[in-house]
2 protein chains.
Amino acid sequence: MSETETRTVSAGIVVIGDEILSGRTRDINVQQIAEFLAPLGIGLKEVRIVSDEQDAIIEAVKALSDRCDYVFTTGGIGPTHDDITADAVAAAFGRSIDVRDDALAILKDWYAKAKTEITPARLRMARIPDGAVLIDNPVTGAPGFQLENVFVMAGVPKIARGMLEDVAPRLTRGAVTHSVTVRLENAREGDLAEALGQMQTDYPSVSLGSYPWFQEAEDGSITRGVALVARGTDQDVLAEVERALQALAQ
Amino acid sequence: MSETETRTVSAGIVVIGDEILSGRTRDINVQQIAEFLAPLGIGLKEVRIVSDEQDAIIEAVKALSDRCDYVFTTGGIGPTHDDITADAVAAAFGRSIDVRDDALAILKDWYAKAKTEITPARLRMARIPDGAVLIDNPVTGAPGFQLENVFVMAGVPKIARGMLEDVAPRLTRGAVTHSVTVRLENAREGDLAEALGQMQTDYPSVSLGSYPWFQEAEDGSITRGVALVARGTDQDVLAEVERALQALAQ
């Protein structure tokens, strides 16, 4: 294992999301980003969902930029009045922001092919903070950008996904966290807790979680159980823990 | 309209969630809570998803307790070693915490009916901070609790839902935010942005959002459009805005 692979690399997400906060839309970017980063050995440390307000965005971006290796923001980089993320991120780092030639060239090229006029509103999407590196948008052209350790991406999940592909080679990889899940039918947390706690003490390099579930069948009967999840970077240790978890079923 | 109904009431959510951060589980409590609070006139202001670590929970709970009228936490109140939310919330407010008689009585009663033994692990679920008010758990017995403006609930969505029902009468209601959505097929944000921005200026009491969408048909063709969402507390104004948004389709 090389030196970089034993390093823990952390990420935070800031979802700029009146739509999510209102309950109208269920966020799927958090899970999408978590699943994208996991095989790169980058683990999510914290997520914040904030409203479309400059101060809220600035505070969240600053806080997570300080405590995480990388921050990903989603949402608020379109052409409309409520798209204020680019300006907020520029302000968070004290950078100036204006229409930038490289971003404008991408938009001109994209809209020429699509035979679409570049309105003053669309020009907003070429506003990029000073010193930022662009992120390709394979779906609708308008780029995202990276400023310091913050990656500013679109909120539309398909576009965010495309931007992640462009960003991946820029990321330092860490030790990949693997996980094993043991589902115990009819088990109850209270009966397992002591053995689990002991196991957590015995295997400090592994993170053990227990998640009760309840399922209602069509006839109204309820089945229950517990999903036991072990996470860690050493697959041999995980295999040992998995066997020990399975033994709890007896 | 009475005086309380014109007040804005805000809420924050802290999801205690290694399971969510790992990408293994998609959170559904945020949307569930948002939808539950909306008709009570309580709007979500911020959500934080943090790991199962004492310091992370304390910081998030304190921050949102300061800036929101109410805070709801989900997760981490079961019987296992990774359930540390109750202790963290007690610490956030400098309260002591121990097994409390009222919570213990509920557990004893519940487990007697279920013919289940109260293990030392299950006793953990009767640990309630000094001064907290219990929250009924109609699904599995073990109560949540309210400490100051923080409501500590289970992570299992069915249990969280039951706890919200118990909590609802304790909440001060605010002015209900209504919303209208106008979906424009084939529309593009860049063409609408100027008119939308003007409309936002004309109707400052309404919050206007625009959300592009892309849909892939079975034959591979892509349709696109924009969902325009207006939110506000005055339904007459909203109806006027809805007509204006629909007129943008022409």
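The values are calculated or read from the model by the stated rules, or taken from the named source; none is laboratory data. Remember, it's a predicted structure, so these values are computed and weren't measured experimentally. When we count neighbours, we look across all protein chains shown, and the Cβ atoms used for this are built from the backbone with ideal geometry, even at glycine.
Residue-wise test of (1) free of Cβ contacts under 8 Å to residues at least 12 places away in the same chain; (2) among the hydrophobic types (A, V, I, L, M, F, W, C); (3) in a strand (DSSP E or B); (4) within 23 Å of A:Val139 (Cβ to Cβ).
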| position | (1), (2), (3), (4) |
| --- | --- |
| B:Leu208 | no, yes, yes, no |
| B:Trp213 | no, yes, yes, yes |
| B:Glu218 | yes, no, no, yes |
| B:Val226 | no, yes, yes, yes |
| B:Arg243 | yes, no, no, no |
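Summed over the stretch B:160-181, the residues that are under 20 Å from B:Gly12 (Cβ atoms), within 14 Å of chain A (Cβ to nearest Cβ) and assigned to a helix (DSSP H, G or I) give a count of 3.
Taking the criterion of being closer than 18 Å to B:Pro157 by Cα and modelled with pLDDT under 95, the residues of the stretch B:1-20 that qualify are B:Gly17, B:Asp18, B:Glu19, B:Ile20. In this structure, B:Ile84 qualifies as in the same structural domain as B:Met125 (by TED's automatic domain parsing), closer than 29 Å to A:Met199 by Cβ and not small (Gly, Ala, Ser). Inspect all residues belonging to the stretch B:100-113 and state whether any of them is buried (at least 21 other Cβ atoms within 10 Å of the Cβ), part of a loop (DSSP other than H, G, I, E, B) and at pLDDT 95 or above. Within the stretch B:100-113, none of the residues are buried (at least 21 other Cβ atoms within 10 Å of the Cβ), part of a loop (DSSP other than H, G, I, E, B) and at pLDDT 95 or above. Is there a residue being outside any helix (DSSP H, G or I), more than 12 Å from chain B (Cβ to nearest Cβ) and within 25 Å of A:Leu228 (Cβ to Cβ) anywhere in the stretch A:147-157? Within the stretch A:147-157, not a single residue is outside any helix (DSSP H, G or I), more than 12 Å from chain B (Cβ to nearest Cβ) and within 25 Å of A:Leu228 (Cβ to Cβ).
Could you tell me how many of the residues in the stretch A:182-193 are in a loop (DSSP other than H, G, I, E, B) and either surrounded by 17 or more Cβ atoms within 10 Å (Cβ to Cβ) or within 9 Å of another protein chain (Cβ to nearest Cβ) (or both)?
2
Quick check on the stretch B:52-62. Is at least one of its residues of a type outside the set (Val, Ile, Thr), under 23 Å from B:Ala132 (Cβ atoms) and part of a strand (DSSP E or B)? No: the stretch B:52-62 contains no residue that is of a type outside the set (Val, Ile, Thr), under 23 Å from B:Ala132 (Cβ atoms) and part of a strand (DSSP E or B).
Can A:Leu196 be described as facing chain B (nearest Cβ under 9 Å), in contact with a His (Cβ under 8 Å, 6 or more places away or on another chain), buried (at least 17 other Cβ atoms within 10 Å of the Cβ) and assigned to a strand (DSSP E or B)? Spelling it out, it is not the case that A:Leu196 is facing chain B (nearest Cβ under 9 Å), in contact with a His (Cβ under 8 Å, 6 or more places away or on another chain), buried (at least 17 other Cβ atoms within 10 Å of the Cβ) and assigned to a strand (DSSP E or B).
Would you pick out the residues in the stretch B:114-142 that are buried (at least 16 other Cβ atoms within 10 Å of the Cβ) and charged (D, E, K, R)? Listed by number, the residues that qualify are B:Arg122, B:Arg124, B:Arg127.
Looking across the stretch A:232-241, the residues that are surrounded by fewer than 18 Cβ atoms within 10 Å (Cβ to Cβ) and part of a helix (DSSP H, G or I) come down to A:Gln235, A:Asp236, A:Val237, A:Ala239, A:Glu240. Taken over the stretch B:203-225, the criterion of being surrounded by 18 or more Cβ atoms within 10 Å (Cβ to Cβ), under 26 Å from B:Val176 (Cβ atoms) and more than 23 Å from the chain's Cα centre (by Cα) is satisfied by B:Tyr203 alone. The number of residues in the stretch B:76-99 being assigned to a helix (DSSP H, G or I) and touching a Ser or Thr at 6+ places or on another chain (Cβ under 8 Å) comes to 4. Residue under question is B:Ala239, and the condition is that it be small (Gly, Ala, Ser), outside the structural domain of B:Ile16 (by TED's automatic domain parsing) and at pLDDT 95 or above; does it hold? Taking the combined requirement at face value, the residue satisfies it. Among the residues of the stretch A:48-91, the one identified as over 15 Å from A:Arg127 (Cβ atoms), surrounded by fewer than 23 Cβ atoms within 10 Å (Cβ to Cβ), more than 13 Å from chain B (Cβ to nearest Cβ) and of a type in the set (A, V, I, L, M, F, W, C) is A:Ile58.
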